[in-house]
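K.L.:
Okay, handing you the structure first.
The values are calculated or read from the model by the stated rules, or taken from the named source; none is laboratory data. Please read these numbers as outputs of a predicted model, since none were measured by experiment. In this analysis, Cβ positions are derived from the backbone assuming ideal geometry, glycine residues included, and neighbour counts consider all displayed protein chains.
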Amino acid sequence: MKKTLYLLMFLLLSFAFVGCNGKDDRIVIRYANWNLGTPESLDTNMERLMINEFMKKYPEIKIEIIERPKIPGTNDDMEWINFLTSRASIEALPDVFMADNIPYYVINDWVYNLTDIAGADEEFLNISADIRSAITYDGKIMAVPCAVFYAGYIVNKTLYEDRYQNSPTVESTFDELIQLTKAAADHASTNNTGVVGLDGIEHILHWYPAQLNDDYGWFTLTDEGFNLDSEEFRTTIEVYRGLQTDSTFVYDALIWESQQTGSNIDLNVIFPEGDPFNNGNVLCKWFYSWDFGWIQTRINNGEYTWEMDFIGTPVVNGNKRVPIVADFFVVASNTKHPEEAYLFAKWMGFGKDGYNKRLELSNTVDGINQVNFPPIQADEELLDDYFSLYPEFTGLRTIIEAGKVIVEPPKYLPGYDDARYRGTYDAEHSMYQIIEKLRFGEAQIADIAEQLNARANALYQQVKSQFDDAIAQR
(Lines give C-alpha, C1' and ligand atoms only; values in the text may rest on other atoms or scores of the structure.)
Protein backbone atom coordinates (compact mmCIF):
# COMPACT_ATOMS: atom_id res chain seq x y z
CA MET A 1 0.00 0.00 0.00
CA LYS A 2 2.73 2.47 0.96
CA LYS A 3 4.65 1.73 -2.24
CA THR A 4 1.48 2.39 -4.27
CA LEU A 5 0.89 5.72 -2.53
CA TYR A 6 4.50 6.84 -3.13
CA LEU A 7 4.17 5.85 -6.79
CA LEU A 8 0.93 7.81 -7.19
CA MET A 9 2.44 10.92 -5.58
CA PHE A 10 5.50 10.65 -7.78
CA LEU A 11 3.35 10.30 -10.93
CA LEU A 12 1.25 13.32 -10.00
CA LEU A 13 4.32 15.45 -9.43
CA SER A 14 5.86 14.20 -12.64
CA PHE A 15 2.70 15.02 -14.58
CA ALA A 16 2.99 18.67 -13.54
CA PHE A 17 6.24 18.91 -15.49
CA VAL A 18 5.06 17.11 -18.62
CA GLY A 19 3.73 19.42 -21.31
CA CYS A 20 1.01 18.70 -23.81
CA ASN A 21 3.58 17.16 -26.11
CA GLY A 22 4.49 14.62 -23.43
CA LYS A 23 7.96 16.06 -22.84
CA ASP A 24 9.35 15.94 -19.31
CA ASP A 25 10.95 19.34 -18.69
CA ARG A 26 12.51 18.53 -15.34
CA ILE A 27 16.25 18.74 -14.72
CA VAL A 28 17.61 15.19 -14.50
CA ILE A 29 20.25 14.33 -11.92
CA ARG A 30 21.65 10.82 -12.19
CA TYR A 31 22.65 9.20 -8.92
CA ALA A 32 24.53 6.07 -7.83
CA ASN A 33 25.28 4.64 -4.42
CA TRP A 34 26.01 1.25 -2.92
CA ASN A 35 23.36 1.59 -0.18
CA LEU A 36 20.21 1.70 -2.31
CA GLY A 37 19.18 -1.93 -2.07
CA THR A 38 16.99 -2.99 -4.97
CA PRO A 39 14.21 -1.08 -6.76
CA GLU A 40 11.76 -3.36 -4.96
CA SER A 41 13.01 -2.21 -1.54
CA LEU A 42 11.34 1.23 -1.65
CA ASP A 43 9.19 0.61 1.42
CA THR A 44 12.14 -0.33 3.63
CA ASN A 45 15.09 1.58 2.15
CA MET A 46 15.68 4.96 3.77
CA GLU A 47 17.78 6.20 0.82
CA ARG A 48 15.10 5.56 -1.79
CA LEU A 49 12.50 7.21 0.42
CA MET A 50 14.80 10.22 0.79
CA ILE A 51 15.13 10.47 -2.99
CA ASN A 52 11.37 10.54 -3.39
CA GLU A 53 11.08 13.18 -0.68
CA PHE A 54 13.66 15.31 -2.48
CA MET A 55 11.63 15.17 -5.68
CA LYS A 56 8.53 16.21 -3.77
CA LYS A 57 10.35 19.20 -2.29
CA TYR A 58 12.02 20.11 -5.60
CA PRO A 59 9.53 18.99 -8.27
CA GLU A 60 11.55 20.67 -10.99
CA ILE A 61 14.32 18.07 -10.46
CA LYS A 62 14.11 14.39 -11.34
CA ILE A 63 16.52 11.96 -9.69
CA GLU A 64 17.39 9.04 -11.91
CA ILE A 65 19.02 6.15 -10.07
CA ILE A 66 21.79 4.37 -11.95
CA GLU A 67 21.57 0.82 -10.67
CA ARG A 68 24.86 -1.00 -10.23
CA PRO A 69 24.91 -4.04 -12.54
CA LYS A 70 25.73 -7.57 -11.50
CA ILE A 71 28.96 -9.32 -12.43
CA PRO A 72 28.10 -11.41 -15.51
CA GLY A 73 27.13 -14.95 -14.56
CA THR A 74 26.79 -14.15 -10.85
CA ASN A 75 24.40 -12.51 -8.42
CA ASP A 76 27.17 -10.28 -7.05
CA ASP A 77 27.27 -6.54 -7.62
CA MET A 78 30.02 -5.22 -9.85
CA GLU A 79 32.90 -3.72 -7.87
CA TRP A 80 32.35 -0.02 -7.32
CA ILE A 81 35.48 1.15 -9.10
CA ASN A 82 34.74 -1.08 -12.10
CA PHE A 83 31.19 0.25 -12.24
CA LEU A 84 32.42 3.86 -12.25
CA THR A 85 35.16 3.12 -14.77
CA SER A 86 32.65 1.62 -17.17
CA ARG A 87 30.42 4.68 -16.82
CA ALA A 88 33.36 7.04 -17.30
CA SER A 89 34.43 5.21 -20.44
CA ILE A 90 31.20 6.29 -22.15
CA GLU A 91 31.23 9.76 -20.52
CA ALA A 92 28.14 8.88 -18.48
CA LEU A 93 29.22 9.13 -14.86
CA PRO A 94 26.31 9.71 -12.47
CA ASP A 95 25.97 13.40 -11.61
CA VAL A 96 26.30 12.47 -7.93
CA PHE A 97 27.92 9.32 -6.58
CA MET A 98 29.35 7.89 -3.41
CA ALA A 99 33.14 8.15 -3.22
CA ASP A 100 35.47 5.40 -2.09
CA ASN A 101 38.66 6.98 -3.49
CA ILE A 102 38.46 10.72 -4.15
CA PRO A 103 42.13 11.12 -5.19
CA TYR A 104 41.76 8.43 -7.86
CA TYR A 105 38.70 10.22 -9.22
CA VAL A 106 40.55 13.55 -9.31
CA ILE A 107 43.52 12.02 -11.13
CA ASN A 108 41.10 10.61 -13.70
CA ASP A 109 39.24 13.93 -14.04
CA TRP A 110 35.92 12.53 -12.78
CA VAL A 111 35.24 15.21 -10.16
CA TYR A 112 33.66 18.64 -10.36
CA ASN A 113 35.36 21.41 -8.39
CA LEU A 114 32.72 22.54 -5.85
CA THR A 115 34.68 25.42 -4.35
CA ASP A 116 32.46 28.22 -5.62
CA ILE A 117 29.21 26.45 -4.69
CA ALA A 118 30.14 24.87 -1.34
CA GLY A 119 32.34 27.76 -0.30
CA ALA A 120 29.33 30.08 -0.47
CA ASP A 121 27.07 27.74 1.52
CA GLU A 122 26.75 28.62 5.21
CA GLU A 123 25.66 25.08 6.04
CA PHE A 124 28.81 23.62 4.50
CA LEU A 125 30.88 26.10 6.49
CA ASN A 126 29.06 24.91 9.63
CA ILE A 127 30.70 21.48 9.28
CA SER A 128 33.68 20.67 11.50
CA ALA A 129 36.92 22.12 10.10
CA ASP A 130 38.57 18.69 10.49
CA ILE A 131 36.03 17.19 8.10
CA ARG A 132 36.08 20.07 5.62
CA SER A 133 39.86 20.08 5.48
CA ALA A 134 39.90 16.39 4.54
CA ILE A 135 38.11 17.14 1.26
CA THR A 136 39.74 20.50 0.53
CA TYR A 137 42.88 20.19 -1.56
CA ASP A 138 45.03 23.24 -2.24
CA GLY A 139 42.00 25.36 -1.37
CA LYS A 140 39.68 23.40 -3.69
CA ILE A 141 36.59 21.60 -2.37
CA MET A 142 36.25 18.32 -4.25
CA ALA A 143 33.58 16.49 -2.24
CA VAL A 144 30.94 16.92 0.46
CA PRO A 145 30.29 14.67 3.47
CA CYS A 146 27.22 12.47 3.38
CA ALA A 147 27.69 10.64 6.69
CA VAL A 148 30.08 10.62 9.62
CA PHE A 149 30.55 7.65 11.96
CA TYR A 150 32.40 7.81 15.25
CA ALA A 151 34.70 5.04 16.44
CA GLY A 152 35.60 4.02 19.97
CA TYR A 153 34.50 1.98 22.94
CA ILE A 154 31.07 1.07 24.24
CA VAL A 155 31.22 0.35 27.96
CA ASN A 156 28.76 -1.85 29.87
CA LYS A 157 28.18 0.38 32.88
CA THR A 158 26.07 -2.21 34.69
CA LEU A 159 28.71 -4.89 34.33
CA TYR A 160 31.48 -2.65 35.70
CA GLU A 161 29.30 -1.87 38.71
CA ASP A 162 28.45 -5.54 39.20
CA ARG A 163 32.20 -6.19 39.27
CA TYR A 164 32.65 -3.48 41.94
CA GLN A 165 34.35 -0.98 39.64
CA ASN A 166 33.42 2.47 38.42
CA SER A 167 32.48 2.54 34.77
CA PRO A 168 34.80 4.51 32.45
CA THR A 169 33.36 7.74 31.05
CA VAL A 170 34.11 10.09 28.17
CA GLU A 171 36.54 11.89 30.50
CA SER A 172 38.48 8.76 31.49
CA THR A 173 42.16 8.54 30.69
CA PHE A 174 43.68 5.58 28.89
CA ASP A 175 45.34 4.44 32.13
CA GLU A 176 42.04 4.66 34.01
CA LEU A 177 40.25 2.66 31.32
CA ILE A 178 42.89 -0.06 31.49
CA GLN A 179 42.96 -0.19 35.29
CA LEU A 180 39.17 -0.36 35.70
CA THR A 181 38.74 -2.93 32.95
CA LYS A 182 41.59 -5.12 34.16
CA ALA A 183 40.19 -5.10 37.70
CA ALA A 184 36.69 -6.05 36.52
CA ALA A 185 37.58 -8.70 33.91
CA ASP A 186 37.85 -12.44 34.51
CA HIS A 187 39.63 -14.48 31.84
CA ALA A 188 40.62 -17.24 34.25
CA SER A 189 37.28 -18.91 34.96
CA THR A 190 37.02 -22.67 34.57
CA ASN A 191 33.24 -22.87 34.99
CA ASN A 192 31.80 -20.50 32.34
CA THR A 193 31.55 -17.49 34.65
CA GLY A 194 34.32 -15.42 33.05
CA VAL A 195 33.88 -11.77 32.06
CA VAL A 196 35.39 -10.33 28.86
CA GLY A 197 37.52 -7.26 29.50
CA LEU A 198 38.78 -5.15 26.59
CA ASP A 199 37.68 -6.23 23.12
CA GLY A 200 39.19 -4.40 20.12
CA ILE A 201 42.70 -2.95 20.22
CA GLU A 202 43.95 -3.07 16.60
CA HIS A 203 43.24 0.59 15.85
CA ILE A 204 45.39 1.79 18.73
CA LEU A 205 48.16 1.86 16.12
CA HIS A 206 46.11 4.41 14.20
CA TRP A 207 44.60 6.76 16.79
CA TYR A 208 47.05 6.69 19.72
CA PRO A 209 49.90 8.70 18.08
CA ALA A 210 47.54 11.63 17.44
CA GLN A 211 46.84 11.84 21.18
CA LEU A 212 50.55 12.06 21.92
CA ASN A 213 51.18 14.76 19.33
CA ASP A 214 48.60 17.37 18.29
CA ASP A 215 50.32 17.75 14.92
CA TYR A 216 49.59 14.14 13.98
CA GLY A 217 46.52 12.74 12.33
CA TRP A 218 45.63 9.12 11.67
CA PHE A 219 48.65 6.79 11.81
CA THR A 220 51.14 9.66 12.49
CA LEU A 221 50.16 11.62 9.36
CA THR A 222 51.05 15.28 8.91
CA ASP A 223 51.00 17.45 5.80
CA GLU A 224 54.51 16.21 5.04
CA GLY A 225 53.67 12.51 5.34
CA PHE A 226 54.09 9.70 7.87
CA ASN A 227 56.20 9.75 11.02
CA LEU A 228 56.61 6.06 11.71
CA ASP A 229 60.16 6.57 12.94
CA SER A 230 58.98 8.98 15.65
CA GLU A 231 59.08 8.50 19.40
CA GLU A 232 55.28 8.74 19.40
CA PHE A 233 54.94 5.72 17.12
CA ARG A 234 57.52 3.76 19.12
CA THR A 235 55.49 4.48 22.26
CA THR A 236 52.30 3.43 20.46
CA ILE A 237 53.82 0.09 19.47
CA GLU A 238 54.97 -0.48 23.06
CA VAL A 239 51.49 0.27 24.41
CA TYR A 240 49.88 -1.95 21.80
CA ARG A 241 52.25 -4.85 22.41
CA GLY A 242 51.65 -4.58 26.16
CA LEU A 243 47.96 -5.16 25.53
CA GLN A 244 48.34 -7.72 22.75
CA THR A 245 50.35 -9.95 25.10
CA ASP A 246 48.11 -9.56 28.17
CA SER A 247 45.44 -12.23 27.92
CA THR A 248 44.33 -11.67 31.52
CA PHE A 249 41.88 -8.99 30.40
CA VAL A 250 42.40 -8.27 26.65
CA TYR A 251 40.09 -10.43 24.56
CA ASP A 252 42.18 -9.99 21.41
CA ALA A 253 45.19 -11.39 23.26
CA LEU A 254 43.17 -14.31 24.60
CA ILE A 255 41.85 -15.18 21.14
CA TRP A 256 45.39 -14.97 19.74
CA GLU A 257 46.71 -17.34 22.41
CA SER A 258 43.84 -19.76 21.87
CA GLN A 259 44.62 -19.92 18.13
CA GLN A 260 48.30 -20.73 18.55
CA THR A 261 49.61 -24.23 18.03
CA GLY A 262 49.63 -26.23 21.23
CA SER A 263 47.37 -23.80 23.11
CA ASN A 264 45.27 -25.33 25.86
CA ILE A 265 42.92 -22.37 26.20
CA ASP A 266 39.25 -23.29 25.81
CA LEU A 267 37.05 -20.21 25.54
CA ASN A 268 33.96 -22.37 25.98
CA VAL A 269 35.14 -23.17 29.51
CA ILE A 270 35.98 -19.57 30.43
CA PHE A 271 32.88 -17.67 29.28
CA PRO A 272 29.14 -18.37 29.26
CA GLU A 273 27.71 -19.95 26.12
CA GLY A 274 26.77 -17.56 23.33
CA ASP A 275 28.02 -14.24 21.99
CA PRO A 276 29.65 -12.30 24.85
CA PHE A 277 28.35 -8.89 23.79
CA ASN A 278 24.81 -10.12 23.28
CA ASN A 279 25.03 -11.76 26.70
CA GLY A 280 25.99 -8.46 28.32
CA ASN A 281 29.31 -10.02 29.22
CA VAL A 282 31.79 -7.58 27.66
CA LEU A 283 33.04 -4.68 29.72
CA CYS A 284 34.51 -2.55 26.92
CA LYS A 285 34.24 -3.20 23.17
CA TRP A 286 35.32 -1.26 20.07
CA PHE A 287 32.44 -0.20 17.84
CA TYR A 288 31.51 2.27 15.12
CA SER A 289 28.44 4.42 15.53
CA TRP A 290 26.81 2.74 12.53
CA ASP A 291 26.21 -0.15 14.94
CA PHE A 292 24.09 1.98 17.27
CA GLY A 293 20.91 1.30 15.29
CA TRP A 294 20.77 -2.43 15.94
CA ILE A 295 22.09 -2.00 19.48
CA GLN A 296 19.42 0.60 20.36
CA THR A 297 16.76 -1.62 18.78
CA ARG A 298 17.74 -4.48 21.09
CA ILE A 299 17.66 -2.09 24.02
CA ASN A 300 14.20 -0.89 23.00
CA ASN A 301 13.00 -4.48 22.59
CA GLY A 302 14.21 -5.42 26.04
CA GLU A 303 16.88 -7.83 24.78
CA TYR A 304 19.66 -5.76 26.35
CA THR A 305 18.72 -4.94 29.93
CA TRP A 306 22.03 -3.45 31.05
CA GLU A 307 23.06 0.20 30.93
CA MET A 308 25.77 1.17 28.46
CA ASP A 309 27.37 4.23 26.89
CA PHE A 310 29.78 5.20 24.11
CA ILE A 311 32.95 6.88 25.38
CA GLY A 312 34.95 7.08 22.14
CA THR A 313 38.69 6.77 22.67
CA PRO A 314 40.10 7.63 26.10
CA VAL A 315 42.15 10.68 27.01
CA VAL A 316 45.90 10.33 26.39
CA ASN A 317 48.46 12.96 27.32
CA GLY A 318 45.59 15.34 28.10
CA ASN A 319 44.15 14.94 24.58
CA LYS A 320 40.93 13.36 23.37
CA ARG A 321 40.61 13.20 19.59
CA VAL A 322 38.08 10.62 18.53
CA PRO A 323 38.48 8.73 15.21
CA ILE A 324 35.74 9.07 12.61
CA VAL A 325 34.95 7.35 9.35
CA ALA A 326 33.35 9.73 6.85
CA ASP A 327 31.45 8.92 3.69
CA PHE A 328 31.57 11.46 0.88
CA PHE A 329 29.68 12.39 -2.24
CA VAL A 330 31.34 13.79 -5.34
CA VAL A 331 29.71 15.60 -8.21
CA ALA A 332 30.83 14.34 -11.60
CA SER A 333 32.94 16.53 -13.85
CA ASN A 334 30.56 15.72 -16.72
CA THR A 335 27.47 17.09 -14.94
CA LYS A 336 25.41 19.68 -16.79
CA HIS A 337 23.73 20.83 -13.59
CA PRO A 338 26.34 21.31 -10.83
CA GLU A 339 24.16 23.46 -8.55
CA GLU A 340 21.24 21.01 -8.63
CA ALA A 341 23.66 18.09 -8.16
CA TYR A 342 25.14 19.85 -5.12
CA LEU A 343 21.67 20.57 -3.76
CA PHE A 344 20.79 16.87 -4.00
CA ALA A 345 24.09 15.74 -2.43
CA LYS A 346 23.49 18.17 0.42
CA TRP A 347 19.94 16.86 0.93
CA MET A 348 21.16 13.26 1.12
CA GLY A 349 24.01 14.12 3.48
CA PHE A 350 24.93 17.12 5.58
CA GLY A 351 22.01 19.49 4.86
CA LYS A 352 19.65 20.37 7.70
CA ASP A 353 16.45 20.01 5.65
CA GLY A 354 17.42 16.56 4.43
CA TYR A 355 18.54 15.41 7.86
CA ASN A 356 15.25 16.59 9.39
CA LYS A 357 13.43 14.53 6.78
CA ARG A 358 15.50 11.46 7.73
CA LEU A 359 14.50 11.92 11.34
CA GLU A 360 10.85 12.32 10.34
CA LEU A 361 10.95 9.13 8.28
CA SER A 362 12.59 7.29 11.18
CA ASN A 363 9.66 8.23 13.39
CA THR A 364 6.81 7.71 10.92
CA VAL A 365 7.63 4.85 8.51
CA ASP A 366 7.47 1.30 9.80
CA GLY A 367 10.10 -1.20 8.77
CA ILE A 368 12.96 1.14 7.81
CA ASN A 369 16.26 1.39 9.63
CA GLN A 370 16.38 4.54 11.72
CA VAL A 371 18.97 7.23 11.03
CA ASN A 372 22.36 5.58 11.56
CA PHE A 373 24.62 8.64 11.57
CA PRO A 374 24.53 11.74 13.78
CA PRO A 375 24.09 15.20 12.23
CA ILE A 376 27.20 16.44 10.49
CA GLN A 377 26.52 20.07 11.25
CA ALA A 378 26.95 21.47 14.75
CA ASP A 379 23.23 22.11 15.23
CA GLU A 380 21.59 21.77 18.66
CA GLU A 381 18.11 21.07 17.28
CA LEU A 382 19.36 18.25 15.06
CA LEU A 383 21.37 16.77 17.92
CA ASP A 384 18.32 16.84 20.21
CA ASP A 385 16.25 15.00 17.63
CA TYR A 386 18.98 12.45 16.85
CA PHE A 387 19.59 11.58 20.48
CA SER A 388 15.88 11.14 21.08
CA LEU A 389 16.40 8.04 18.91
CA TYR A 390 19.56 7.02 20.78
CA PRO A 391 19.01 7.92 24.44
CA GLU A 392 21.54 5.32 25.60
CA PHE A 393 24.54 6.99 23.96
CA THR A 394 24.83 10.34 25.68
CA GLY A 395 28.63 10.15 25.64
CA LEU A 396 28.58 10.54 21.87
CA ARG A 397 26.87 13.91 22.16
CA THR A 398 29.66 15.17 24.40
CA ILE A 399 32.18 13.96 21.80
CA ILE A 400 30.33 15.58 18.90
CA GLU A 401 30.00 18.90 20.70
CA ALA A 402 33.73 18.87 21.55
CA GLY A 403 34.45 18.60 17.82
CA LYS A 404 37.94 17.11 18.19
CA VAL A 405 38.27 14.26 15.71
CA ILE A 406 40.76 12.54 13.43
CA VAL A 407 39.48 11.32 10.07
CA GLU A 408 40.32 7.84 8.78
CA PRO A 409 42.07 8.52 5.42
CA PRO A 410 41.38 5.79 2.81
CA LYS A 411 38.62 7.64 0.97
CA TYR A 412 40.26 11.05 0.78
CA LEU A 413 44.05 10.78 1.14
CA PRO A 414 46.15 10.04 -1.96
CA GLY A 415 48.48 7.10 -1.49
CA TYR A 416 47.24 6.02 1.93
CA ASP A 417 46.05 2.60 0.86
CA ASP A 418 49.42 1.84 -0.73
CA ALA A 419 51.43 3.17 2.21
CA ARG A 420 49.42 1.32 4.85
CA TYR A 421 48.25 -1.85 3.13
CA ARG A 422 48.87 -2.75 -0.50
CA GLY A 423 52.29 -1.31 -1.24
CA THR A 424 55.49 -3.37 -1.30
CA TYR A 425 57.71 -3.12 1.77
CA ASP A 426 60.42 -5.51 0.57
CA ALA A 427 60.76 -8.63 -1.55
CA GLU A 428 58.90 -10.71 1.04
CA HIS A 429 56.34 -8.36 2.58
CA SER A 430 53.60 -5.92 1.73
CA MET A 431 53.14 -2.93 4.03
CA TYR A 432 50.20 -4.70 5.62
CA GLN A 433 52.27 -7.80 6.29
CA ILE A 434 55.20 -5.98 7.89
CA ILE A 435 52.89 -4.01 10.17
CA GLU A 436 51.15 -7.25 11.12
CA LYS A 437 54.58 -8.54 12.15
CA LEU A 438 54.98 -5.46 14.34
CA ARG A 439 51.56 -6.11 15.86
CA PHE A 440 52.40 -9.65 16.84
CA GLY A 441 56.03 -9.20 17.86
CA GLU A 442 57.58 -10.91 14.85
CA ALA A 443 59.39 -7.66 13.94
CA GLN A 444 60.72 -4.97 16.25
CA ILE A 445 60.09 -1.28 15.66
CA ALA A 446 63.66 -0.44 16.73
CA ASP A 447 64.96 -2.56 13.86
CA ILE A 448 62.71 -1.35 11.04
CA ALA A 449 61.48 2.15 12.00
CA GLU A 450 63.62 4.07 9.51
CA GLN A 451 63.01 1.70 6.62
CA LEU A 452 59.30 1.44 7.40
CA ASN A 453 58.90 5.21 7.49
CA ALA A 454 60.93 5.74 4.33
CA ARG A 455 58.94 3.13 2.45
CA ALA A 456 55.57 4.44 3.63
CA ASN A 457 56.46 7.97 2.57
CA ALA A 458 57.84 6.85 -0.79
CA LEU A 459 54.59 5.02 -1.56
CA TYR A 460 52.54 7.97 -0.32
CA GLN A 461 54.49 10.57 -2.30
CA GLN A 462 54.36 8.51 -5.47
CA VAL A 463 50.58 8.81 -5.64
CA LYS A 464 50.45 12.26 -4.06
CA SER A 465 52.66 13.74 -6.79
CA GLN A 466 50.22 12.51 -9.43
CA PHE A 467 47.34 13.87 -7.42
CA ASP A 468 49.02 17.25 -6.88
CA ASP A 469 49.50 17.61 -10.65
CA ALA A 470 45.85 16.72 -11.22
CA ILE A 471 44.44 19.04 -8.55
CA ALA A 472 46.49 21.94 -9.92
CA GLN A 473 44.47 21.66 -13.13
CA ARG A 474 41.04 21.69 -11.48
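K.L.:
Which members of region 360-380 meet the condition of being over 13 Å from TYR150 (Cβ atoms), of a type in the set (S, T, N, Q) and assigned to a loop (DSSP other than H, G, I, E, B)?
P.N.:
ASN369, GLN370 - these are the residues of region 360-380 that are over 13 Å from TYR150 (Cβ atoms), of a type in the set (S, T, N, Q) and assigned to a loop (DSSP other than H, G, I, E, B).
K.L.:
A further question on this structure: Keeping to region 69-99, report how many residues are among the charged types (D, E, K, R) and crowded, with 17+ Cβ neighbours inside 10 Å.
P.N.:
The total comes to 2.
K.L.:
Another question, if that's okay. Can you pull out the residues in region 181-190 that are of a type in the set (Gly, Ala, Ser) and either in a loop (DSSP other than H, G, I, E, B) or surrounded by fewer than 16 Cβ atoms within 10 Å (Cβ to Cβ) (or both)?
P.N.:
ALA183, ALA185, ALA188, SER189
K.L.:
One residue is enough: does region 289-305 have a residue meeting the conditions surrounded by fewer than 22 Cβ atoms within 10 Å (Cβ to Cβ), in a strand (DSSP E or B) and modelled with pLDDT of 95 or more?
P.N.:
no
K.L.:
Please specify each residue of region 338-354 satisfying the condition of being more than 13 Å from PHE97 (Cα to Cα) and either among the hydroxyl-bearing types (Ser, Thr, Tyr) or in contact with a Pro (Cβ under 7 Å, 6 or more places away or on another chain) (or both).
P.N.:
PHE350
K.L.:
Another question, if that's okay. Kindly list, by first and then second residue, each pair from a residue in region 94-114 that is closer than 18 Å to ILE471 by Cβ to a residue that is surrounded by fewer than 21 Cβ atoms within 10 Å (Cβ to Cβ) and basic (Lys, Arg), limited to pairs with Cβ atoms under 6 Å and residues at least 6 apart or on different chains.
P.N.:
From residues that are closer than 18 Å to ILE471 by Cβ, the pairs are ASN113/LYS140; ASN113/ARG474.
K.L.:
Starting from region 286-303, take each residue that is among the acidic types (Asp, Glu) and list its partners that are loosely packed, with under 13 Cβ neighbours inside 10 Å, counting only C-beta distances under 9 angstrom and pairs at least six apart or across chains.
P.N.:
Listed pairs, sorted by first residue: GLU303/ASN278.
K.L.:
Can you report the number of residues in region 159-187 which are within 17 Å of TYR208 (Cβ to Cβ), in contact (Cβ under 8 Å) with a residue 40 or more places away in the chain and among the charged types (D, E, K, R)?
P.N.:
Residues meeting the conditions: 1.
K.L.:
Consider ALA419 against the criteria (1) among the small types (Gly, Ala, Ser); (2) at pLDDT below 95; (3) under 21 Å from the mean Cα position of the chain (by Cα): it satisfies all of them except one. Which criterion is unmet?
P.N.:
(2)
K.L.:
Also: Which residue, of THR190, THR181, THR220, is of a type in the set (Ser, Thr, Tyr), within 21 Å of ARG241 (Cα to Cα) and more than 23 Å from the chain's Cα centre (by Cα)?
P.N.:
Residue meeting the stated conditions: THR181.
K.L.:
Further question on the same structure: Here is a list of conditions, (1) surrounded by fewer than 22 Cβ atoms within 10 Å (Cβ to Cβ); (2) within 23 Å of TYR137 (Cβ to Cβ), and GLU231 meets all of them except one; can you say which number that is?
P.N.:
Among (1) surrounded by fewer than 22 Cβ atoms within 10 Å (Cβ to Cβ); (2) within 23 Å of TYR137 (Cβ to Cβ), the lone unmet condition for GLU231 is (2).
K.L.:
Assess whether ARG422 counts as being without any contact (Cβ under 8 Å) to a residue 24 or more places away in the chain, of a type outside the set (Ser, Thr, Tyr), surrounded by fewer than 20 Cβ atoms within 10 Å (Cβ to Cβ) and closer than 18 Å to TRP218 by Cα.
P.N.:
Judged against the criteria, ARG422 is a match.
K.L.:
What number of residues within region 25-65 are in a loop (DSSP other than H, G, I, E, B) and over 24 Å from the mean Cα position of the chain (by Cα)?
P.N.:
Within region 25-65, residues that are in a loop (DSSP other than H, G, I, E, B) and over 24 Å from the mean Cα position of the chain (by Cα) number 5.
K.L.:
Scan region 436-451 for residues that are surrounded by 15 or more Cβ atoms within 10 Å (Cβ to Cβ), in contact (Cβ under 8 Å) with a residue 24 or more places away in the chain and either in a loop (DSSP other than H, G, I, E, B) or β-branched (Val, Ile, Thr) (or both) and report the count.
P.N.:
1
K.L.:
Give the number of residues within region 401-425 that are in a loop (DSSP other than H, G, I, E, B), farther than 30 Å from MET308 by Cα and basic (Lys, Arg).
P.N.:
1
K.L.:
Hey, can you tell me all the residues within region 38-63 that are surrounded by fewer than 13 Cβ atoms within 10 Å (Cβ to Cβ), free of Cβ contacts under 8 Å to residues at least 40 places away in the same chain and under 22 Å from ALA345 (Cβ atoms)?
P.N.:
PRO39
For (1) closer than 22 Å to SER230 by Cα; (2) in a loop (DSSP other than H, G, I, E, B), each residue gets a yes or a no:
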| site | (1), (2) |
| --- | --- |
| ALA427 | no, yes |
| ILE434 | yes, no |
| ALA458 | yes, no |
| SER465 | no, no |
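K.L.:
I've got another one for you. Which of the following residues is touching a strand residue (DSSP E or B) at 6+ places or on another chain (Cβ under 7 Å), without any contact (Cβ under 8 Å) to a residue 60 or more places away in the chain and among the small types (Gly, Ala, Ser): SER465, SER430, SER388?
P.N.:
Of SER465, SER430, SER388, the one residue that is touching a strand residue (DSSP E or B) at 6+ places or on another chain (Cβ under 7 Å), without any contact (Cβ under 8 Å) to a residue 60 or more places away in the chain and among the small types (Gly, Ala, Ser) is SER430.
K.L.:
Taking into account only those residues within region 196-251 that are in a strand (DSSP E or B) and in contact (Cβ under 8 Å) with a residue 40 or more places away in the chain, which is nearest to ASP266 (Cα to Cα)?
P.N.:
Among those residues, the one meeting the criterion is VAL196.
K.L.:
Could you check region 381-400 and list, in sequence order, the residues that are in a helix (DSSP H, G or I) and either polar (S, T, N, Q) or more than 12 Å from GLY312 (Cβ to Cβ) (or both)?
P.N.:
Result: GLU381, LEU382, LEU383, ASP384, ASP385, TYR386, PHE387, SER388, LEU389, THR394, THR398.
K.L.:
Scanning region 268-287 for residues that are surrounded by fewer than 16 Cβ atoms within 10 Å (Cβ to Cβ) and not in a loop (DSSP other than H, G, I, E, B), which turns out modelled with the lowest pLDDT?
P.N.:
So the residue we want is ASN268.
K.L.:
Related question: Given the options TYR386, TYR460, name the one that is buried (at least 21 other Cβ atoms within 10 Å of the Cβ), closer than 25 Å to THR236 by Cα and not aliphatic (A, V, I, L, M).
P.N.:
Of TYR386, TYR460, the one residue that is buried (at least 21 other Cβ atoms within 10 Å of the Cβ), closer than 25 Å to THR236 by Cα and not aliphatic (A, V, I, L, M) is TYR460.
K.L.:
Still on this structure: Regarding ILE368, is this residue buried (at least 16 other Cβ atoms within 10 Å of the Cβ), under 17 Å from the mean Cα position of the chain (by Cα) and in contact (Cβ under 8 Å) with a residue 24 or more places away in the chain?
P.N.:
For ILE368, the condition - buried (at least 16 other Cβ atoms within 10 Å of the Cβ), under 17 Å from the mean Cα position of the chain (by Cα) and in contact (Cβ under 8 Å) with a residue 24 or more places away in the chain - is not met.
K.L.:
Which of the numbered conditions does ILE434 fail, given that it passes all the others? Conditions: (1) modelled with pLDDT of 95 or more; (2) closer than 16 Å to VAL148 by Cβ.
P.N.:
(2)
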